[in-house]
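Worksheet: one structure, shown below.
What follows draws every value from the coordinates through simple rules; no lab data is involved. Predicted, not measured: the structure shown is a model, and the values here were computed from it. Note: ideal-geometry Cβ built from the backbone for every residue, glycine included; neighbour counts use all protein chains shown.
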Amino acid sequence: MIKEIEAADPEGFAPALERAIAARKREFLLAIFAYRSHPYRRSLEDPPALWQQGSSRLLDFGRSDNRGYPLLLVPSLVNRSYILDLMPQSSFARWLASAEAPGGFRPLLLDWGEPGEAERGFNLTDYITGRLQAALDQVLAETGQRPLLLGYCMGGLLALALAQQRPEDIAALALLATPWDFHSAPGQAALGRSALLAWGSLLDLLGYLPVDAIQALFALLDPLTAVRKYRHFARMDPASPRAEAFVALEDWLNDGVPLTAPVARECLGGWYAENATQHGRWRVAGRPVRPQEVSVPSLCVIPAQDRIVPPASARALASALPLGECQEPAAGHIGMMIGRRAKREVWEPLAKWLAQHTCHKSALRRATSGSTLSRAALRRADAGGDGKAQRKVESSRKRKRSEPR
């Protein structure tokens with residue numbers, strides 16, 4: 001390239017460069033217009049909700065007989081959960097429930113929803129010990145079996161914390177594209193600090209981090225991504241399945257979820273700026289989250305072409321898990337879930353591993369005092385209350401038991 005530039009006509013080079021830039025700009029803008037005017041609209045209906053609390057729901061993708069082994073799917077708080085149920089031909093959740101998937105699963109997808117009045121002021125502890133634990137309790141009460149737990153991206157960090165808190169209630173843990181060492185790639189610390197500096201006042205004013213700010217953060221990870229992908233889209237047949245898949249994914253990417261201010265501060269300041277996870281300083285309910293203390297069989301799926309979670313960041317987590325295994329498919333962060341080769345390279349090996357770690361022989365019994373499913377867990381599931389409310393109830397009961405009679 002350098003030799004070609006040196007050999008170019010100096011007088012004609014600048015005009016040629018301007019024409020090339022103008023052509024690419026026009027192509028980019030036309031591709032954006034083609035995307036916005038494309039007729040595709042997602043039409044998949046959500047399965048029934050097994051449980052709901054505030055804006056969060058537990059979507060049951062199981063078959064009508066509900067005989068599959070329970071698998072609790074935990075997505076990120078930042079994006080909509082339907083990335084795991086994007087299209088009929090690229091729905092990880094529906095595939096897991098089908099006869100095609102090895103193992104026979106009953107996928108239960110935790111749809112966090114958009115923070116509303118009930119979630120205003122939630123931090124990560126509230127989401128994990130409140131909503132996520134309540135969803136686990138509901139699965140235990142409904143199925144009588146310890147579920148497999150699968151977390152995707154940020155959802156993997158939440159699932160990891162739950163697995164440390166409740167190992168007796170989980171059969172195995174799978175973590176997909178889950179970061180841990182946030183300083184494994186250059187610029188991560190500066191990204192967190194700069195974002196807090198730029199948007200700290202906005203967080204104080206609004207009480208949440210808007211979707212547009214989150215989109216800007218992702219764009220900073222690879223500023224030319226949008227140009228590349230839209231130029232590629234411009235060359236597709238608009239009526240082709242590939243064009244529909246592109247539009248479906250872009251619709252999902254643009255359908256973001258704001259983060260509550262406390263969560264945004266924990267993620268940007270604690271994770272990115274301070275690397276609190278790697279240094280053992282990230283706490284949930286006052287307890288440090290330490291992969292070394294996770295005592296269930298674990299699998300880290302680390303996409304080798306991930307531009308959002310550097311593979312080195314995820315490998316740091318895999319190496320810290322005492323019962324951890326690794327799979328490293330040749331896929332990207334999102335492509336591992338909806339790419340053309342996702343089923344063969346990610347879904348099938350993952351499902352085989354999950355099938356090897358089911359615990360059909362340890363079905364839980366609600367009646368006996370020695371059951372793995374504690375009566376406290378059953379009370380939480382039946383009550384359907386938030387973690388904060390449940391803690392208040394338990395505290396009140398303790399006080400009553402300690403009062404003189």
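Please list, ordered by chain and number, the residues whose modelled amide H lies under 5 Å from the amide H of A276; skip anything fewer than 5 residues away on the same chain.
Answer set, sorted by chain and number: W271.
Could you size up the charge dipole of the chain around its Cα centre, putting +1 on the beta carbon of Lys and Arg and -1 on that of Asp and Glu, and report it in debye to the nearest 20? Kindly include the intermediate steps, with their values, before the conclusion.
On the way: 51 positive and 42 negative charges, 305 e Å.
About 1460 debye.
With r as the distance between the Cβ atoms of R242 and D204 and R0 = 45 Å, compute the FRET efficiency 1/(1 + (r/R0)^6) and round to 0.05. It would help to have the intermediate numbers written out before the result.
Working: r = 44 Å, r/R0 = 0.98.
With a Förster radius of 45 Å, E is 0.55.
Tell me which residues come under 5 Å, amide H to amide H, from L299 once H is placed; ignore anything under 5 positions away on its chain.
L173, A174, L175, E325
Taking the Cα centre of the stretch 188-267 as origin, sum charge times position over the Cβ atoms of Lys and Arg (+1) and Asp and Glu (-1), and report the length of that vector in debye to the nearest 20.
Working: 7 positive and 9 negative charges, 70 e Å.
Dipole magnitude for the stretch 188-267 comes out near 340 debye.
Quickly estimate the mean residue ellipticity at 222 nm for the chain, helices only: each DSSP H run with n ≥ 4 gives -39500 (n - 2.57), and the total goes over all residues, rounded to 500.
Details: 15 runs with 167 residues, N = 405.
My calculation for the chain gives -12500 deg cm²/dmol from helical runs alone.
Please report the relative contact order for the chain, taking Cα pairs under 8 Å with a sequence separation of at least 6, and give it as a percent rounded to a whole number.
Details: 678 pairs, mean separation 87.4, N = 405.
Relative contact order for the chain comes out at 22 percent.
Lys pairs in the chain, Cα-Cα under 17 Å, at least 8 apart or on separate chains: how many? Could the numbers behind the result be given before it?
Values: K25/K229; K343/K352; K388/K398; K392/K400.
The number of close lysine pairs in the chain is 4.
Can you compute the modelled spin-label distance between S295 and E114, with each label point 7 Å from Cα toward Cβ, in nm?
Once both label points are built, they end up 4.3 nm from each other.
Among 168-177, 330-339, 214-223, what's the highest-first ranking by average C-beta atoms within 10 angstrom per residue? The partial results should precede the final answer.
Details: 168-177: 24.0, 330-339: 20.0, 214-223: 14.0.
Highest mean packing first, the order is 168-177, 330-339, 214-223.
I'm checking a number: the convex hull volume of the Cα atoms of the stretch 268-330, normalised per residue, in Å³. What is it? Please list the in-between numbers first.
On the way: hull volume 5.4 nm³, N = 63.
Convex hull volume per residue, Cα atoms: 86 Å³.
Specify which residue in the list Q165, G187, W347 is farthest towards the positive end of the charge dipole of the chain, using unit charges on the beta carbon of Lys, Arg (+1) and Asp, Glu (-1), about the Cα centre.
Highest projection toward the positive end goes to Q165.
Pairs of alpha-carbon atoms within less than 8 angstrom and 6+ residues apart define the contacts here; what relative contact order does the stretch 1-96 have, in percent? Please report the intermediate quantities before stating the final value.
On the way: 37 pairs, mean separation 14.9, N = 96.
Answer for the stretch 1-96 is 15 percent.
If you count, for each residue, the other Cβ atoms within 10 Å and average over each peptide, how do 312-320, 185-193 line up from highest to lowest?
Values: 312-320: 20.2, 185-193: 15.1.
Per-residue Cβ counts within 10 Å, averaged per peptide and sorted highest first, yield 312-320, 185-193.
Which Cα, out of V263, F218, W252, lies furthest along the positive dipole direction of the chain (beta carbon charges, K/R +1, D/E -1)?
Highest projection toward the positive end goes to V263.
Please list 3J(HN,Hα) in residue order for the stretch 268-277, calculated via the Karplus relation 6.51 cos²θ - 1.76 cosθ + 1.60 where θ = phi - 60°; whole Hz, with x for glycine and proline.
After applying 6.51 cos²θ - 1.76 cosθ + 1.60, I find 6, x, x, 6, 6, 6, 9, 6, 4, 5 Hz.
Roughly what would the spin-label model give for S43 and D65, points 7 Å off Cα along C-beta, in nm?
Label at S43, label at D65, 3.0 nm between them.
Please give me, ordered by residue number, the GluC sites (Glu not before Pro) of the stretch 70-149 that lie in loop per DSSP and have at most 12 other Cβ atoms within 10 Å.
Working: sites: E100, E117, E119, E142; in loops: E100, E117, E119.
Here the GluC sites (Glu not before Pro) that fit, given the DSSP loop and packing criteria, are E100, E117.
Can you compute the FRET efficiency between L220 and A20 using 1/(1 + (r/R0)^6), with r the Cβ-Cβ distance and R0 = 22 Å? Round to the nearest 0.05. If you can, show how the numbers build up before the last one.
On the way: r = 25 Å, r/R0 = 1.16.
In this case the efficiency is close to 0.30.
Once the convex hull of the alpha carbons of the chain is built, what does its volume come to per residue, in cubic angstrom? Intermediate values should be presented prior to the final figure.
Values: hull volume 71.1 nm³, N = 405.
Here the figure is 176 Å³ per residue.
Do any trypsin sites (Lys or Arg not before Pro) in the stretch 42-123 lie in a DSSP loop with no more than 11 other beta carbon atoms within 10 Å, and if so, which?
Numbers: sites: R42, R57, R63, R67, R80, R94, R120; in loops: R42, R63, R67, R80, R120.
For trypsin sites (Lys or Arg not before Pro) across the stretch 42-123 that sit outside H, G, I, E and B with at most 11 neighbouring Cβ atoms in 10 Å, the list reads R67.
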